[in-house]
Amino acid sequence: MSTPVDLLALDRSDPLAHKREEFALPEGLIYLDGNSLGALPKAVAEHLEQVVRQQWGRDLIQSWNKHGWIELAERVGAKIARLIGAEPDEVVAADSTSVNLFKVLLAALRLRPERRVILSDIDNFPTDLYIAQGVRQLLGERHELRLVKKDQVEAALDDQTAVLMLTEVDYRSGWRYDMAALTRQAQEHGALVIWDLAHSAGAFPVQLNACNADFAVGCGYKYLCGGPGAPAFLYVARRHQGALLPFLSGWMGHRSPFDFDPFYDPAEGVQRMKVGTPPVLSLSALDKALDVFADVDMEQLRRKSLRLSELFIEGMEPLCAKYGFKLLTPREAERRGSQVAYAHPEGYAIMQALIAEGVIGDFRAPNILRFGFAPLYLRYRDVAEALERLERVMAQGLWKAERFRERAKVT
Ligand SMILES: *Cc1c(COP(=O)(O)O)cnc(C)c1O
């Protein structure tokens, strides 16, 4: 473990250090849950006030044109595109990640009508699997949903695979797939690939086009800091856009919604994947939040993320030996995202006690403590402070208090 002096020096030479001031963070709190709900960029509060009072309050319905509400989903999509290695016209912000996956999975299956297998990983985030189950029912249960362990995905691909559907970074362990390799392997079998970037977008540079990705979906409220329930996004590679037919064929995905044509005619490009009227307030929050990334070099952000998590893993080693935490996250930088996870039988109570000490991480059933490292607002010294507080929770047995055993609805 580095001494605190080393960490202060790292903070002083950190090229991203100034970004922290752009976030509203409570004094003394160490927030290691930006992978679940990103912190609030200060500019968002002010911007929302303006959107509400001036755009909605004063300009009313004229704002669709005057303030460009009607193109907001595309403008936000273009900002996200830069962070995920896509072209601006390949991404649109809309709906939730779950709904976007539903839309994209159905549309992708339509491109492979003769194939019968949807392949995913059994440890994928549950909503992704639930959506696939619903899609399967909707299509008359003609498809097999094949669920395998992560290390068996490649072997499970075959010429019946219609769609390979994976989350790049595992929400529990932080384990990261090799996107380029798996995309290539799936495509060699003629399958299409959908990547869920919930724990990737805004956490490190994603290279969708360099990986020749087909489709992707992702989350607006995690590393992108768009606020609770922020609109999600979806990506469709340009080469698929013309052939893609949405099942949720709503008027916002129509070529010209204000012609009020009784028959659906899909818009050009990724816009056809839009459905109904966008949530302008939420979309405006996400729009402004994304500006914190405007001057950020994503490679630099990745270096800091790895350094923060590596320091945390090193600092945890004595606590693992003494208190029985078990590291679940790969040590190899290439194989992990921006979060670190430990198993511990008393994980829930320990996390509650740690939160009471001012370090917010989270807990994932059955026994996982999860710590996210959002490089835009975390300092190196926060890593040392978080470890010190965790050591206190363990050494003094603070987690044994009765009140830390009661499970809240959201963990
Ligand atoms: C957070 C997360 C989601 C969230 O989906 P919502 O529809 O926004 O609730 C989906 N997939 C993965 C992998 C996630 O981590």
Subject >> Percent of C-alpha pairs per 10 Å bin, the chain, short to long >> reply: 5, 22, 30, 25, 14, 4, 0
Original post:
Among 364-376, 257-269, 299-311, how do they line up from the highest to the lowest mean number of other beta-carbon atoms within 10 Å?
Top reply: 364-376, 299-311, 257-269
**OP:** Would you mind getting me the FRET efficiency between ARG142 and ARG302? Use the beta-carbon distance for r and R0 = 41 Å, nearest 0.05.
**Re:** 0.50
**OP:** Would you please give the residues with an amide H less than 5 Å from that of LEU378, counting only those at least 5 places away or on a separate chain, with H modeled from the backbone geometry?
**Re:** none
**OP:** Specify whether the C-alpha gyration tensor of region 256-402 places it in the rounded, prolate or oblate class, a ≥ b ≥ c being the square roots of the eigenvalues: rounded for a/c under 1.5, otherwise prolate if a/b is larger than b/c and oblate if not.
**Re:** prolate
Original post:
From the phi of every residue in region 36-49, what ³J(HN,Hα) in whole Hz does the Karplus formula 6.51 cos²θ - 1.76 cosθ + 1.60 yield, where θ is phi - 60° and glycine or proline is x?
Top reply: 10, 8, x, 5, 7, x, 3, 5, 5, 4, 5, 5, 5, 4
**OP:** Sticking with the crude label model, points 7 Å out along Cα→Cβ, report the distance from ASN209 to ALA45 in nm, one decimal please.
**Re:** 3.8
Original post:
Amide H to amide H under 5 Å from PHE23: which residues, 5+ apart in sequence or cross-chain, H placed 1.01 Å off N in plane?
Top reply: LYS42
**OP:** Tally up the carbon and sulfur contribution to the accessible surface of region 41-166 as a whole percent, 1.4 Å probe, everything protein left in place.
**Re:** 53
Subject >> Modelled FRET efficiency - R0 25 Å, ILE122 with CYS320, Cβ distances, 0.05 increments >> reply: 0.40
Original post:
Where does each of 107-113, 284-290 land if you order them by average Cβ count within 10 Å, highest first?
Top reply: 284-290, 107-113
**OP:** In a Gaussian network model over the chain where Cα atoms closer than 10 Å are linked, find which of ALA201, ALA230, ALA156 has the largest mean-square fluctuation.
**Re:** ALA156
Original post:
How big is the shadow of the Cα convex hull of region 22-93, averaged over all directions, in nm²?
Top reply: 6.4
Original post:
Say the cut-off is 20 Å between C-alpha atoms; which of LYS150/LYS304; LYS42/LYS304; LYS79/LYS274; LYS42/LYS288 go over it?
Top reply: LYS150/LYS304; LYS42/LYS304
**OP:** Treating only the Cβ atoms of Lys and Arg (+1) and Asp and Glu (-1) as charged, compute the dipole magnitude of the chain about its Cα centre; round to the nearest 20 debye.
**Re:** 560
Original post:
Based on the mean of other beta carbon atoms within 10 Å per residue, what is the order of 315-322, 336-343, most packed first?
Top reply: 336-343, 315-322
Original post:
Tell me, what ³J(HN,Hα) does each residue in region 61-67 have, in order and in whole Hz, if you take phi through Karplus 6.51 cos²θ - 1.76 cosθ + 1.60 with θ = phi - 60° and put x for Gly and Pro?
Top reply: 5, 4, 4, 3, 8, 4, 10
**OP:** Please work out the Cα center distance from region 287-331 to region 203-272, rounded to the nearest Å.
**Re:** 30
Original post:
Taking H as built 1.01 Å from N, whose amide H comes closer than 5 Å to the amide H of ARG336, not counting residues under 5 places away?
Top reply: ARG176
Original post:
How far, in nm, would the chain grow between LEU245 and ALA356 when pulled straight, counting 0.36 nm per residue and subtracting the alpha carbon separation?
Top reply: 35.0 nm
**OP:** Sort region 79-203 into rounded, prolate or oblate with this rule: let a ≥ b ≥ c be the square roots of the eigenvalues of the Cα gyration tensor; rounded if a/c is under 1.5, and if a/c is not under 1.5, prolate when a/b is larger than b/c, oblate otherwise.
**Re:** rounded
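The values are calculated or read from the model by the stated rules, or taken from the named source; none is laboratory data. Please read these numbers as outputs of a predicted model, since none were measured by experiment. Cβ sites come from the backbone with ideal geometry, for glycine too, and all protein chains shown count toward neighbours. Ligands, DNA and RNA are stripped out before the accessible areas are found, and what is left, the full protein with its side chains, is counted by its heavy atoms. Shrake-Rupley method; radii C 1.70, N 1.55, O 1.52, S 1.80 Å.
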